[in-house]
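Bear in mind that the values in this text are calculations on the coordinates, not laboratory data. Quick caveat: nothing in here was measured; it's all calculated off a predicted structure. Backbone-built Cβ (ideal geometry, glycine too); neighbour counts: all protein chains shown.
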């Protein structure tokens with residue numbers, strides 16, 4: 001399961017791509033302030049997402065990676081660090097956030113899986129991208145605001161959270177991580193479909209990226225700064 005990714009494109013580059021998904025006269029708002037490149041985004045890190053704006057249109061904002069954990073997995077625990085990857089969208093826990101208002105997109109340039117190939121070193125990261133120049137793409141995700149204790153030192157807080165959907169792996173990812181890969185969207189039509197379509201139509205995008213679209217761009221590194 002993907003617990004590490006990167007987003008190294010500039011803020012202007014992200015804005016340019018976001019404009020491609022807007023309908024005519026649709027508003028776009030960037031409330032992130034200064035948004036640096038992130039060569040390594042780990043669970044509970046704050047990262048950019050694109051969501052429906054509170055006043056309509058689209059909004060580029062930031063949230064913490066990790067949706068609320070189902071209650072059955074929190075018994076006896078003092079904190080909820082969150083769930084980063086979501087596969088079982090039939091679960092009532094997740095379906096409450098599958099409506100249009102809670103869907104979002106997470107920009108990324110590469111993502112990492114721990115190598116499970118025979119003979120690979122222990123905890124060996126393998127980085128995948130759409131090309132060696134790390135083109136910008138998106139994970140299909142969901143978001144919410146939630147009150148919980150994520151870290152004991154923070155205490156109870158209300159935070160903006162996100163997580164992304166996973167699916168079966170494609171031909172490039174399967175040898176490295178045979179269980180799953182993120183649901184990846186690469187075209188403006190797919191971005192709009194995920195953000196605006198009825199649930200049944202939107203969930204058609206929870207599918208492997210076509211074989212041949214990904215390549216391994218780095219191995220053994222904890223970040224991908226290219």
The whole-number value in µm²/s of the Stokes-Einstein translational diffusion coefficient for the range 1-54, with Rh from the Kirkwood sum over alpha carbon pairs at 37 °C and 0.692 mPa s, is 257
Place a point 7 Å from the Cα of residue 90 in the direction of its beta carbon; the residues of the range 164-193 whose amide N falls under 20 Å from it are 165-169, 179-181, 183
Rounded to whole angstrom, the alpha-carbon centroid of the range 154-226 lies from that of the range 41-60 at a distance of 16
Expressed in nanometres to one decimal, the distance between label points 7 Å along Cα→Cβ at residue 123 and residue 98 is 3.5
Relative contact order of the range 5-219 (C-alpha contacts under 8 Å, at least 6 apart) in percent is 21
If one builds a Gaussian network model of the chain from Cα atoms under 10 Å apart, the most fluctuating residue listed among 39, 13, 171 is 13
The extension gain from residue 74 to residue 55, computed as 0.36 nm times the residue separation minus the Cα-Cα distance, is 3.4 nm
Per the Kirkwood formula over distinct C-alpha pairs, the hydrodynamic radius of the chain in angstrom is 17.9
Taking a crude spin-label model, label points 7 Å out from Cα along the C-beta direction, the residue 199 to residue 3 distance in nm is 2.9
Subtracting the Cα-Cα distance of residue 226 and residue 187 from 0.36 nm times their residue separation yields 11.8 nm
Rounded to the nearest 500, the 222 nm mean residue ellipticity computed for the chain from DSSP H runs (n ≥ 4, each -39500 (n - 2.57)) alone is -2500 deg cm²/dmol
